[in-house]
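Only one structure is covered here, and it is reproduced in the block below.
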DNA sequence: CCATTATGTCAGCATTATTGACATATTTCG
DNA sequence: CGAAATATGTCAATAATGCTGACATAATGG
């Protein structure tokens with residue numbers, strides 16, 4: 001049974017890849033639809049296990065992740081990224097704060113703002129979770145060979161709604177620069 | 001602002017792709033982690049809208065999808081694929097049956113079994129939803145150029161837990177053969 | 001006949017999301 | 001200055017989707 005189709009094969013239904021024209025949809029991409037479902041489920045599965053032991057869920061992960069990646073982010077911007085309501089965010093954010101994984105600080109220019117930062121414990125947890133997901137990704141990219149990473153990146157970026165894509169890519173790029181060197185004014 | 005990084009660029013943190021060795025996790029793949037999050041959200045977003053108008057949710061989509069792809073599937077096997085409990089499945093399955101999207105039939109050899117099939121309405125809905133997702137996928141694959149599809153496919157397959165991978169790939173391959181020609185004994 | 005299997009169902013609970021309404025503090029602007 | 005707008009927090013109710021545990025029914029199979 002080993003290793004079916006993890007290697008390249010002719011792939012009968014590559015009918016022509018039919019790029020642009022969104023005609024009457026020849027034949028659904030069943031394989032990619034299903035693989036994406038299973039891949040994403042397992043991709044978030046590893047963090048889920050760790051979080052469950054702390055009494056947290058997937059929602060906590062998302063909040064912790066984006067706060068870690070965007071130190072000093074405003075609550076309003078976080079809501080924008082996550083596309084949830086502030087009531088939904090409030091609950092999980094309160095738990096993360098109460099448990100000492102996230103801290104708030106007043107904005108310097110605008111004291112209404114509660115800028116969000118991860119605590120050292122929060123950063124450690126965020127890095128642990130990201131490490132699990134990165135391990136999975138790295139293993140696969142290693143199997144793909146050179147160039148694979150860029151193809152995957154372009155595929156995922158292209159799958160994002162056009163209206164959001166640039167904002168997301170800007171955020172990814174910005175945070176790429178922000179994280180590496182320990183940011184200045186962390187609490 | 002347009003089109004950042006949808007084109008290939010040097011990509012600073014490609015540190016060596018560090019394939020196999022799962023050492024102390026050098027630097028997280030922040031970009032792919034986040035892109036996967038946003039890509040999956042939008043990938044399921046299109047069907048979500050259609051389903052909401054019918055009073056259905058994502059859970060209904062998954063059930064309808066796998067029944068459509070695996071006509072005559074046993075309840076137990078569906079539970080295995082979805083990895084949920086029969087109580088959770090029962091709720092959404094009952095709605096799909098009551099609303100005429102899924103039908104049950106007794107197994108021929110084993111009359112305890114309730115084999116699941118989509119009705120014509122169910123097939124139409126499943127195809128509509130798959131069409132939306134396929135349109136998104138096809139557009140991106142068209143932008144990736146030849147070879148992109150296979151890289152993406154291998155990436156997604158590789159992201160699946162090793163223990164499940166073969167089973168999933170076998171299912172994908174089997175259904176690839178099952179669907180195309182109208183199956184024999186559908187209700 | 002009896003143990004097992006396949007399925008369904010009742011009851012209760014948790015997580016994560018929603019909407020609507022309102023409260024508080026602060027900034028901004030006329 | 002004072003009113004309007006903004007940023008955030010919170011209360012209450014509801015929905016979707018998952019869970020556990022317990023039990024019921026029907027059919028299979030030794």
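The values are calculated or read from the model by the stated rules, or taken from the named source; none is laboratory data. Model, not experiment: these values are computed from the prediction. Neighbour counts are summed over all protein chains in view; Cβ atoms, including those assigned to glycine, are modelled from backbone coordinates with ideal geometry.
Here residue B:51 fulfils each of the conditions (1) under 23 Å from residue A:162 (Cα atoms); (2) at the interface with chain A (Cβ under 10 Å from one of its Cβ atoms); (3) at pLDDT 50 or above apart from (2). Taking segment B:98-129 as the range and being without any contact (Cβ under 8 Å) to a residue 12 or more places away in the chain and within 12 Å of DNA strand D (Cβ to nearest atom) as the test, the residues that pass are B:106, B:108, B:109, B:110, B:111, B:112.
Right, residue A:186: surrounded by fewer than 16 Cβ atoms within 10 Å (Cβ to Cβ) and at pLDDT below 90 or not? Let's see the steps before the verdict.
Working: surrounded by fewer than 16 Cβ atoms within 10 Å (Cβ to Cβ): yes; at pLDDT below 90: yes.
It is true that residue A:186 is surrounded by fewer than 16 Cβ atoms within 10 Å (Cβ to Cβ) and at pLDDT below 90.
Return the only residue of A:147, A:142 being on the phi > 0 side of the Ramachandran plot, surrounded by fewer than 21 Cβ atoms within 10 Å (Cβ to Cβ), at the interface with chain B (Cβ under 9 Å from one of its Cβ atoms) and more than 16 Å from DNA strand D (Cβ to nearest atom). When all the criteria are applied, what remains is A:147.
Within segment B:51-73, count every residue that is touching a residue at least 60 places away in the same chain (Cβ under 8 Å) and within 11 Å of DNA strand C (Cβ to nearest atom). Here the count works out to 1.
Residues that are without any contact (Cβ under 8 Å) to a residue 40 or more places away in the chain and crowded, with 22+ Cβ neighbours inside 10 Å within segment A:38-50 comprise A:38, A:39, listed in sequence order.
Per-residue answers, yes or no, for (1) within 16 Å of DNA strand D (Cβ to nearest atom); (2) modelled with pLDDT under 95; (3) more than 7 Å from chain B (Cβ to nearest Cβ); (4) outside any helix (DSSP H, G or I):
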| site | (1), (2), (3), (4) |
| --- | --- |
| A:22 | no, yes, no, yes |
| A:26 | no, yes, yes, yes |
| A:40 | yes, no, no, no |
| A:60 | yes, no, yes, no |
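Among the listed residues A:170, A:177, A:136, A:154, which satisfies the condition of being over 27 Å from residue A:50 (Cβ atoms), at pLDDT 95 or above and within 14 Å of chain B (Cβ to nearest Cβ)?
Going through A:170, A:177, A:136, A:154 in turn, just one is over 27 Å from residue A:50 (Cβ atoms), at pLDDT 95 or above and within 14 Å of chain B (Cβ to nearest Cβ): A:154.
Residues in segment B:93-102 that are more than 9 Å from DNA strand C (Cβ to nearest atom) and surrounded by fewer than 16 Cβ atoms within 10 Å (Cβ to Cβ): 2 in all.
Residue-by-condition table, conditions (1) in the same structural domain as residue B:48 (by TED's automatic domain parsing); (2) closer than 19 Å to residue B:58 by Cβ; (3) in contact with a strand residue (DSSP E or B) (Cβ under 9 Å, 6 or more places away or on another chain); (4) within 10 Å of DNA strand C (Cβ to nearest atom):
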| residue | (1), (2), (3), (4) |
| --- | --- |
| B:75 | yes, no, yes, yes |
| B:85 | yes, yes, no, yes |
| B:91 | yes, yes, no, yes |
| B:104 | yes, no, yes, yes |
| B:107 | yes, no, yes, yes |
| B:117 | yes, no, yes, no |
| B:120 | yes, no, no, no |
| B:127 | yes, yes, no, no |
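Of all residues in segment B:67-97, those that are near DNA strand D (Cβ under 10 Å from one of its atoms), touching a helix residue (DSSP H, G or I) at 6+ places or on another chain (Cβ under 7 Å) and under 23 Å from residue A:35 (Cβ atoms) total 4.
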